[in-house]
Amino acid sequence: MLAIQAERLNFSSIKNRTEYPDFLDIQIKSFQDFFQLETKSEERGSEGLYNTFMENFPITDTRNQFVLEFLDYFIDPPRYTIE
C-alpha cells in the first residue's frame, strides 16, 4: 500500500509584513476618553465614567427616605512619578 504524502505549507517566512498599530497609544487614548481628565466638569460629554455615574444615580433606599445623588467627580493626579 502506497502512502500519499500531502504537500506541506511553510508559514515560517512571511513575505508581506504589515505595520502593527501603536497598542500603547490605543490604551492611552481609551483611558483618556473614559476618564475625560483634560475636560472641565461642565464640558464633559455623556460618555465614559461620567456616563456610568449618570446611569446609576440617583440611588434611593428601600423606604425612599434617602437619596444619594451624583454631582461630579475629580481624580487626583498621581502622587508618585514613574522615576
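The values are calculated or read from the model by the stated rules, or taken from the named source; none is laboratory data. Keep in mind the model is a prediction, meaning the values are calculated, not measured. Because the Cβ atoms are built from the backbone with ideal geometry, glycine has one as well, and the counts that use them run over all protein chains shown.
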In the stretch 58-80, which residue that is free of Cβ contacts under 8 Å to residues at least 24 places away in the same chain and in contact with a Leu (Cβ under 7 Å, 6 or more places away or on another chain) is nearest to SER41 (Cα to Cα)? PRO58
Could you grab me the full set of residues in the stretch 18-62 that are surrounded by fewer than 10 Cβ atoms within 10 Å (Cβ to Cβ), within 18 Å of the chain's Cα centre (by Cα) and more than 20 Å from TYR73 (Cα to Cα)? PRO21, PHE23, LEU24, ASP25
For the structure I just gave you, tell me whether SER46 is without any contact (Cβ under 8 Å) to a residue 40 or more places away in the chain and either aromatic (Phe, Trp, Tyr) or in a loop (DSSP other than H, G, I, E, B) (or both). yes
When the stretch 4-17 is checked residue by residue, the ones that are aliphatic (A, V, I, L, M) and either surrounded by 10 or more Cβ atoms within 10 Å (Cβ to Cβ) or modelled with pLDDT of 80 or more (or both) are ILE4, ALA6, LEU9
